[in-house]
Amino acid sequence: MLGDRLRKLRNDHNWTQEDIARKLELSRGTYAHYEINKRQPDYDTLKKLSEIFDVSIDYLITGNKYSSSKDEMWKEFLDPKTQVFFKDLMDAPEEKIEELIKFWEIIRDRDRK
């Protein structure tokens, strides 16, 4: 559940509930209710939590580490390990990027069969 993931992420960072509540500009009690699944954060709070813990909102809600969103896909491509490979795309014209995306989609669809 969401509360379990929040508690684990917080503990992994060695932060207190007070630390997270301060970052969210909430009371510690409100944040504590998220961790014990007594209250659910609104969208803006989920977004802040995902930024604080550097995880996707999808992960917070479902526990799924991998998202198919375009933002997550680009984040992966810009990872320092792969950035060297994709560095030339940063200045590529839009039509070349679209061409490459179509190519990736063809390969993805072929691999799914």
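Since every read-out is calculated from the coordinates, none of them should be taken as a lab result. Everything numeric here is computed off the predicted structure, so don't read it as measured data. Every residue, glycine as well, gets a Cβ built from its backbone with ideal geometry; the counts of neighbours run over all protein chains shown.
With each label modelled as a point 7 angstrom along the Cα→C-beta vector, the His33-Asp19 pair spans 2.4 nm. Checking the cross-link pairs Lys48/Lys102; Lys8/Lys96; Lys38/Lys65 against a 31 Å limit on the alpha carbon distance flags Lys48/Lys102; Lys8/Lys96 as lying beyond it.
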